[in-house]
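S.K.: After the structure tokens below, expect a handful of questions from me.
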Amino acid sequence: MLRVTTASLCTSCQRVRLLLPSSVSASTTTLSAPNKRLENQRTVDSLYELSVDVRKVRKFKSWVLSESTAYVSETADLLKDMGADTTVIASILETHPEAVLCRPEDVAAQRDLWVSVCSSKRALLSIVSKFPASFFTVTHHSNQQANILYLQSLRLSKRIISKLMASAPQSFSRPVERNKEVIHTLRETYLDLGGDEGNLRIWLQKLLSQNPYILLRPAEAWRDSLGFLREKGFTTEELLSLVCSLRASIAELKPEAMQQALDYIEGALTCSKDELKQVVICCPAILYYSLPTLAGRFQGLMDSGMSIEQMKETPNILELTTQIVMYRIQKLASYGYDVRSGSLDVIVGTKKDFEMSYAKLNLRQQRPLFNPVAPLRTAEE
């Protein structure tokens, strides 16, 4: 007979479990219907006492309620010790009810580990509230500890490390050697491209902050992407600019996909090789847009009356969707601005950038017809 032990469940908080056979005698694990197990009434009652919406748990993760052993009150006490009130505890357990299957000693060890990279218990509680699944992943404790010590040795800030642990817990669960290899590649990349050793830590922190999943990208991916761009004639200075602009996304780029994007832009904008380089430097996002996306946006710009020369001068117009471009064109047209004969700089940028440009045009168009408090001018004047 195949049985699932309580220890294996509470240690790993597995979401995919093997159903116990119908012959198991425990009342809380007897099959009441095919593929359905009776709930552990003690677990249900304990969750009700904590004001947890059991209906929500039952709807999305009903299997938790059927486990023979759960540590509801113990988990709640650990959260209270971090400063959580009843509302926060209920929210955490509704979002990640598997937490009650973790052994209290495992959660306590996890708390102590995370406290080492959090400025306070309040900061830790904030992370747990937002990323309960990351915190209650209590397996691979030794790997987590080794990775924390390694990142601390790089003098990375606690804020960056805790953000990584919360957003990309997989990178802390794996052996530290794999993260060392990626960090080594990042360091060599930055220095080979002319980056300053004194700014390396700041640059690395920015990369990790902007893309927490960077450590999960194979080191080879960085080398392949940069090698491809070198072959395309980008200088060391230009490559450093692209790496800083694309940040960790450059490790996600495939040479084949980049080649397709470059070939399309070169043909659509009738670019020379040098012009193509400048287009990419101005709009690095071109490298990771798919062909359908690039083709759709280019055609949308052409349909709106924009010229190829305008797009060459302001290639980052391709960063905007066709819907956003059309909305901004129509809004500018209400104040007499015709993008077909003007610069596209007024359109590109974030929503805030556009609103500032739009406000300037608005003020420029306003002309007071009559000021009742201004003195009248006489013929003698």
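Read-outs: derived from the displayed coordinates by stated rules, not from any lab. The shown structure was predicted, so the numbers you read here are calculated from the model rather than taken from an experiment. Neighbour counts run over all protein chains shown; Cβ positions are idealised from the backbone, glycine included.
S.K.: Could you please report the charge total around I281, scoring K, R as +1 and D, E as -1 over all other residues with beta-carbon less than 12 angstrom from its beta-carbon?
M.R.: -2
S.K.: In addition: Using a Förster distance of 25 Å, how high is the FRET efficiency between L200 and A257, based on the Cβ-Cβ distance and rounded to 0.05?
M.R.: 0.30
S.K.: What's the FRET efficiency of Q299 with A221 using the Cβ-Cβ distance as r and R₀ = 22 Å, to the nearest 0.05? Can you show the working numbers first?
M.R.: Values: r = 31 Å, r/R0 = 1.42.
Taking R0 as 22 Å, the efficiency between Q299 and A221 is 0.10.
S.K.: Which whole-Hz ³J(HN,Hα) couplings does the range 89-106 yield from phi under the Karplus relation 6.51 cos²θ - 1.76 cosθ + 1.60, θ = phi - 60°, glycine and proline marked x?
M.R.: For the range 89-106, the Karplus-derived couplings read 4, 4, 5, 5, 6, 6, 6, 9, x, 4, 4, 6, 8, 7, 5, x, 5, 5 Hz, x marking Gly and Pro.
S.K.: Quick one: C283, C102, C244, fewest Cβ neighbours within 10 Å first, how do they rank?
M.R.: Details: C283 20, C102 26, C244 16.
The order, fewest Cβ neighbours first, is C244, C283, C102.
S.K.: Each residue of the range 313-320 in turn: what ³J(HN,Hα) in whole Hz from Karplus with 6.51, -1.76, 1.60 and θ = phi - 60°, glycine and Pro shown as x?
M.R.: Rounded to whole hertz, the list is 6, 10, x, 6, 5, 6, 6, 9.
S.K.: How much net charge surrounds L240 when only the other residues with a Cβ under 11 Å from the Cβ of L240 are counted, with Lys and Arg +1 and Asp and Glu -1?
M.R.: -4
S.K.: Separate question: What is the pair-distance distribution P(r) of the range 116-265, computed from all Cα-Cα distances in 10 Å bins starting at 0, with each bin given as a whole percent?
M.R.: Bin by bin from 0 Å, the calculated values are 10, 39, 30, 16, 5, 0.
S.K.: Between D77 and Q330, what is the label-point separation in nm under the 7 Å Cα-to-beta-carbon projection?
M.R.: That separation, rounded to one decimal, is 6.2 nm.
S.K.: Now, a different point. Contour minus end-to-end for E319 and R42, with contour as 0.36 nm per residue of separation and end-to-end as the Cα-Cα distance?
M.R.: Stretched fully, the E319-R42 segment lengthens by 94.2 nm.
S.K.: Based on the Cβ-Cβ distance of K180 and R58, what FRET efficiency does E = 1/(1 + (r/R0)^6) give at R0 = 51 Å, to the nearest 0.05?
M.R.: Efficiency computed from Cβ-Cβ geometry: 0.70.
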